[in-house]
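Notes to accompany the following structure.
The values are calculated or read from the model by the stated rules, or taken from the named source; none is laboratory data. None of the values given here were measured: they were computed from a predicted structure. Note that we place each Cβ from the backbone using ideal geometry, even for glycine, and neighbour counts take in every protein chain shown. When the accessible area is computed, the model is the full protein with side chains, heavy atoms only, and any ligands, DNA or RNA have been set aside. Shrake-Rupley method; radii C 1.70, N 1.55, O 1.52, S 1.80 Å.
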Amino acid sequence: MMMDLLLGRRLANRESGEHKIGWIAGVPAMGLDGLGSSSYGPEAALTIMIPLGAASLSWMGWVIAPIVALLVILYLSYRQTIVAYPSNGGAYTVAKENLGTGAALLAAAALLIDYVLNVAVGISAGVGALTSSVPALQPWTLTLCLGILAVVALANLRGTREAGLAFALPTYTFLFSFLALLAWGLVRIATSGGHPHPVVAPPALAHGTQAVSLWLLMRAFAAGCTAMTGVEAVSNGVGAFKEPVIKQAHWTLTVICAGLGLLLVGIAIIARVYGLGAMDQTQPGYQSVLSQLVGAVAGRGVVYYVAMASLLAVLALSANTSFVGFPRLCRLVALDGYLPRPFATPDRRLVFSVGVVFLCVTAGALLIAFGGITDRLIPLFAIGAFLTFTISQLGMVAHWRKVEGRNAGRLALNALGAGTTVLALAVITAAKFLDGAWIVALAVPVIIGVLALTHRYYHRLEHRLRTRAAFSIEEFEPPTVLVAFEERTRMTDRALRFAMTLSRNVIAVHLLALGGPEEEGNIAERRAAFDRDIAGPIEARGQPAPRLIQIAAPYRDIAGPLLELIDRIDADTPGRSVAILIPELVLRHWWERLLHSRRGAKLRGVLLERGGPRLMVISSPWRS
């Protein structure tokens, strides 16, 4: 009942089609990252240009223009990817089918890193927007980040469609609010001759401390490219769309890219004309660029708080893009044997919950490590995204070369995308390397190594388990069956009765504490009771009765003496297996676990780990 209330009712496999999404739910489900990055992308670029002072605004267009041009190229390229791979066309799939395993693992590692960073950066930027509006909350930055992370993770454990529908209102409110504000700001610029008077004046920009340089602009471009993350989300999650899949995916991608492009261009123009610059997020009185923009265009009234509330929601919920894409990517990688198999197993809501929980934990650890401050996380961001952009574009070039038909134009477009993303990746890596990008550069080969080791483990396990020979019977004698018990109970009796159906050679094993002289009397008394109550009635019916063996366990170690006994029996009866039956009480409630030592479960674990190749371990459950 509690799980149904928290996560929703259990879904049958046949219901999976009913939980596919259309483009209206697809935009909030997969576009929150891209749309939300319009706030911290331009701000990250302006932060790099702070040393230029007021002069930074005149160079803002030179930074945003190539980012928007790159966005257009990627939009057209990913439309082609969706057509070519209408099931799941992410960089991992494209690379695996066209570039080989090595490129696929590189894409997977880059995507995994990018998804985790997207969650951390998006949520921290959302909380930054909140503390801009309510400065009193600034000391609670990290707590707010972790709370929002938990909410988004819980929503996605309920399902992709549910999360998309739940986040639709803030998503479309954000789009409408900021596109309307930008349009109104542009109208005011036009009607004032290019010199509008801000309703709330932004903080004055400091005097420049250094001159503009190509390296500084390259660093600003690299920081601004964080606005590009999330563009690949639609192609990675095509499998989540309902029919017609390609049309739904194309509409989703179009709305996301068009909205992001208009926001980037509008923010760049408004920031330059109104004199909006970046501020230090760690300092009191911090105002994000979009907070300054809304105040300058519309003031600090109802419009301001509606717009900023929608921005907070979109930024905080932008993590949803990763929560949609990350589990699906992990499933594909796990199906190929490079991640643990539980990542590919759907849960009660047909969600790959292991991936959701893993993403939540790793992103939470990252937020804690960096204090939930966006500026500290930005240097790590975008490298993984642009690496996957590049691999995907190169894979599509190889794809079109293999496909027969008129593909010259498509090949040229993906080749252009590959060239531009390679160049952007080189600039981003060089500009951000010393600021923290080296962590990503180090993490990628480490993750590839983990994926390769996981695959090697599964490959070796499959090789050990594989059999091609005809089935053969190697043992004709029934096993020697041991029943371990502490005292005679109804649970013990049931285990003995079942053991006697398996073999005529049954041994009841009792472990002695040997704690004092009174134990000698207990041994004789237990022997007499066993012969009277168990062995006697069975022999009276002409059936072979179980034997009782009492062995010493002076150090309270149950498994050790039992394994020694099993070894002796194994040596005396070569060619015959030994099976041990462990009576166990089934605990129906969580609080019952606090009242029992669960020695049977612990014993079973040790025997499975340390037992020989011919030892069989059988659980005999008792349901009270």
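Structural remarks
- Cα-based helix-to-principal-axis angle, 32-48 vs the chain, degrees rounded to 10: 60 degrees
- Whole-number percent relative contact order across region 411-561, with pairs defined as alpha carbons under 8 Å at least 6 apart: 18 percent
- Accessible surface of region 64-211 [probe 1.4 Å, protein heavy atoms]: carbon and sulfur percent: 71 percent
- Relative to the longest principal axis of the Cα atoms of the chain, helix 60-84 runs at roughly 50 degrees.
- Sequentially through region 472-484, phi angles give Karplus couplings (6.51, -1.76, 1.60; θ = phi - 60°) of 10, 9, 9, 10, 10, 8, x, x, 7, 10, 9, 10, 7 Hz, Gly and Pro residues having no value and appearing as x.
- With R₀ fixed at 45 Å, the C-beta to C-beta distance from residue 487 to residue 368 puts the FRET efficiency at about 0.35.
- Listed by chain and number, the lysines whose C-alpha is less than 30 Å from the C-alpha of residue 247, apart from same-chain residues fewer than 8 away, are 20, 96, 402.
- Computed 3J(HN,Hα) for region 309-314, one whole-Hz value per residue from the Karplus formula 6.51 cos²θ - 1.76 cosθ + 1.60 where θ = phi - 60°, is 5, 5, 5, 4, 5, 5, glycine and proline marked x.
- Annotation: the antiparallel percentage among DSSP beta bridges lying fully within the chain is about 0.
- Residue by residue, region 257-262 carries 3J(HN,Hα) couplings of 5, 5, x, 5, x, 5 Hz when phi is fed to the Karplus relation 6.51 cos²θ - 1.76 cosθ + 1.60 (θ = phi - 60°); x denotes Gly or Pro.
- Charges were assigned to the Cβ only: +1 to each Lys and Arg, -1 to each Asp and Glu. The resulting dipole of region 413-533 about its Cα centre is roughly 760 debye.
- For region 185-238, the per residue solvent-accessible surface stands at 46 Å², with DNA, RNA and ligands left out and a 1.4 Å probe.
- Charge tally around residue 621: other residues with Cβ under 11 Å, Lys/Arg +1 each, Asp/Glu -1 each, net +1.
- Rounded tilt (10° steps) of 383-402 against the dominant C-alpha axis of the chain: 90 degrees
- Modelled FRET efficiency - R0 30 Å, residue 207 with residue 72, Cβ distances, 0.05 increments: 0.25
- Within the accessible area of region 473-624, the carbon and sulfur atoms contribute 53%, probe 1.4 Å, all protein chains present.
- Annotation: per residue accessible area for region 253-323 equals 28 Å², rounded to a whole number [probe 1.4 Å, protein chains only].
- Overall form of the chain per C-alpha gyration tensor (a/c, 1.5; a/b vs b/c): prolate
- Selection from 290, 264, 304 lying farthest towards where the dipole of region 195-307 points positive, charges on Cβ: 304
- For the chain, leaving out every one of the chymotrypsin sites (Phe, Trp or Tyr not before Pro) that falls in a DSSP loop and has at most 10 other Cβ atoms within 10 Å, the longest unbroken run is 1-470.
- Applying 1/(1 + (r/R0)^6) with r as the Cβ-Cβ distance of residue 254 and residue 585 and R0 = 45 angstrom yields a FRET efficiency of 0.15.
- Residues whose placed amide H lies under 5 Å from that of residue 484, excluding near-sequence neighbours: 509, 581
- Over the chain, Cα pairs under 8 Å with separation of 6+ residues give a relative contact order of 21 percent.
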